[in-house]
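Undergrad: Got a structure here, written out as structure tokens. Questions coming.
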Amino acid sequence: MSAPVGAGVRNAARARIAARTLRTDRWWQTPALTVLGLVAFIVYATVRSFARTAYWVDDYHYLTPFYSPCVSASCLPGSSHFGVWVGELPRWIPLAFVSLPFLLLFRLTCYYYRKAYYRSFWLSPPACGVAEPHRTYTGETRFPLIVQNAHRYFFYIGFVISLVNTYDAILAFHSPSGFGFGLGNVILVVNVILLWGYTLSCHSCRHVTGGRLKHFSKHPVRYKLWTYISKLNARHMQFAWITLGTLVLTDFYIMLVASGTISDLRFIG
Ligand code: FES
């Protein structure tokens, strides 16, 4: 679809180029891979979040992040690390109803993911030097996209949820005889470290630590934190993708152990 003259990229002030793009390389590859990766994650996470099966290993206290925190009477005994807050939930409400909506909003409003899905799903534009199909551009100045500006608040909630995931990973050093340690622990701990990498490398986190400071020299601690977070921030895209992978891997491993398909590889206990 090409926009009529006078609108969008056909604006009279722009160069008159009839072709949608003059690029001859495979510019469509990155958007296509992004769509595939994000859709695969969304399908897996949705199916697992509503499945209500194989999410808790009682012997080793492994709880998949897709069910954390589990705070209803529908949760399996032992899996409610933060107590039971509500009664039985209907099947259409995921057991992690406290965290999942905010995790979704945290990722949906993330600066990196915005770039990814604006380009790949909305094609606005799909790549540098490739015209977008839309006639007008209002950016993030109107509803619903103006909600993107609330990202910093979802970051605060994401920070708390990372603390919850950390607590789950610590409680998982368990066996029927007391302390225990297995391959599941390695997977849970690596996942949590990378989730912290994603959370702390957030652009809002960088702003919270060092933003709006006029004199770094007067705030040496915040300046130090800002320099560390700035280094992580440069890797934010990588953390965004890697954590999608580790979340799936962690959930999948716990599902296999919880369902009895495989046994956890135990080192202690
Ligand atoms: Fe990506 Fe905040 S989580 S920018």
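Taken together, the values in this text are just the output of simple stated rules run on the coordinates, not laboratory data. As the structure is a prediction and not an experimental result, all values here were calculated from the model. Positions of Cβ are generated from backbone atoms using ideal geometry, with glycine treated the same way; all protein chains shown enter the neighbour counts.
Undergrad: Find all pairs meeting these conditions: Cβ atoms under 6 angstrom apart; at least six residues apart or on different chains; first residue within segment 137-151 and within 13 Å of Arg114 (Cβ to Cβ) and in contact (Cβ under 8 Å) with a residue 40 or more places away in the chain; second residue within 16 Å of the ligand (Cβ to nearest atom) and in a helix (DSSP H, G or I).
TA: Listed pairs, sorted by first residue: His151/Ser204.
Undergrad: Conditions first: (1) in contact (Cβ under 8 Å) with a residue 24 or more places away in the chain; (2) within 17 Å of Ile193 (Cα to Cα). His207 passes all but one, so which condition is the exception?
TA: All conditions pass for His207, except number (2).
Undergrad: So if I check each of Phe267, Phe252, which one is in a helix (DSSP H, G or I), among the aromatic types (Phe, Trp, Tyr) and under 30 Å from Pro77 (Cβ atoms)?
TA: Exactly one of Phe267, Phe252 is in a helix (DSSP H, G or I), among the aromatic types (Phe, Trp, Tyr) and under 30 Å from Pro77 (Cβ atoms), namely Phe252.
Undergrad: Further, regarding this structure: Residue check: is Ala54 in contact (Cβ under 8 Å) with a residue 40 or more places away in the chain, part of a loop (DSSP other than H, G, I, E, B) and closer than 24 Å to Leu183 by Cβ? Explain how you work it out, then say what you get.
TA: Numbers: in contact (Cβ under 8 Å) with a residue 40 or more places away in the chain: yes; part of a loop (DSSP other than H, G, I, E, B): yes; closer than 24 Å to Leu183 by Cβ: yes.
The answer is yes for Ala54.
Undergrad: Sticking with this structure for a sec: Please find, within segment 183-227, the residue that is nearest to the ligand (Cβ to nearest atom) out of those that are of a type in the set (D, E, K, R) and either in a helix (DSSP H, G or I) or within 30 Å of Met255 (Cα to Cα) (or both).
TA: Of everything passing the filter in segment 183-227, Arg206 is nearest to the ligand (Cβ to nearest atom).
Undergrad: Scan segment 108-134 and report the pairs whose first residue is surrounded by fewer than 16 Cβ atoms within 10 Å (Cβ to Cβ) and whose second residue is part of a strand (DSSP E or B), with Cβ atoms within less than 6 Å and a gap of 6+ or a chain change.
TA: From residues that are surrounded by fewer than 16 Cβ atoms within 10 Å (Cβ to Cβ), the pairs are Gly129/Thr21.
Undergrad: Among the residues of segment 241-255, which ones are of a type outside the set (D, E, K, R) and touching a residue at least 12 places away in the same chain (Cβ under 8 Å)?
TA: Looking only at segment 241-255, we keep the residues that are of a type outside the set (D, E, K, R), and these are 241-250, 252-255.
Hits for segment 241-255 are Trp241, Ile242, Thr243, Leu244, Thr246, Leu247, Val248, Leu249, Thr250, Tyr253, Ile254, Met255.
Undergrad: Related question: In this structure, is Asp264 within 17 Å of the chain's Cα centre (by Cα), away from the ligand (no atom under 12 Å from the Cβ) and of a type in the set (Asp, Glu)?
TA: No, not satisfied.
Undergrad: Moving on to the next point. Inside segment 164-182, can you point out the residues that are under 17 Å from the mean Cα position of the chain (by Cα) and either more than 16 Å from the ligand (Cβ to nearest atom) or assigned to a strand (DSSP E or B) (or both)?
TA: Those that are under 17 Å from the mean Cα position of the chain (by Cα) and either more than 16 Å from the ligand (Cβ to nearest atom) or assigned to a strand (DSSP E or B) (or both): Val164, Thr166.
Undergrad: Further question on the same structure: Answer with yes or no whether Pro69 is over 21 Å from the mean Cα position of the chain (by Cα) and away from the ligand (no atom under 16 Å from the Cβ).
TA: no
Undergrad: Hey, any hits in segment 2-13 for a residue that's closer than 18 Å to Gly245 by Cα, touching a residue at least 40 places away in the same chain (Cβ under 8 Å) and in contact with a helix residue (DSSP H, G or I) (Cβ under 6 Å, 6 or more places away or on another chain)?
TA: No.
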